[in-house]
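Working notes, structure below.
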Amino acid sequence: IALKRLYDILEEKRKHHRIYTLIPVEIYPTGTEGMFLKGIIHNLSSGGVAVLCDKEISLNEMVILNFNLPNKLMMENAQAGIVRCEKIGDKYNLGILFMNLLEKQEIIDNFILDIKKKKYASDGVDITNYVS
């Protein structure tokens, strides 16, 4: 079991480490003064998020995101762009790419790695030499 989990980590093909989570988010499409959508982040990385929401947002549209990480760190006014929008039932699954986060990307990366380390440590697996 431990080797399978380690293999899963090492085989992650995406550019950024990610976790599956449920975090409420407010989405402010640019150019729509005062209007915002509520959604749920279900996939988080320092490169972007996957969000489930009630409304469609056009590809390449710029948005501002506000959300709180479970460790109480606030991510406010995160600039992002819509790179994917697919309808799933009566909801929309949005792929959102962060832009110009810089210092916040490190905060998100550290949060994700802490979660992964705790998860695998509880299973008796030390992954510190494999993720950084």
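Summary table
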item: Computed accessible area, D54, all protein chains, 1.4 angstrom probe, square angstrom; result: 90 Å²
item: Global geometry of the stretch 53-101, whether rounded, prolate or oblate, following the gyration tensor of its Cα atoms and the 1.5 cut on a/c; result: oblate
item: Accessible heavy-atom area order of Y28, Y92, highest first, probe of 1.4 Å; result: Y28, Y92
item: Overall dimensions of the stretch 82-124 as given by Cα atoms, namely Rg and Dmax in Å; result: 15.4, 41
item: Carbon plus sulfur fraction of accessible area for the stretch 14-59, probe 1.4 Å, in percent; result: 56 percent
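The values are calculated or read from the model by the stated rules, or taken from the named source; none is laboratory data. Just so it is clear, the model here is predicted, and its values are computed rather than measured. What goes into the accessible areas is simple: the full protein's heavy atoms, side chains included, and nothing from ligands, DNA or RNA. Shrake-Rupley method; radii C 1.70, N 1.55, O 1.52, S 1.80 Å.
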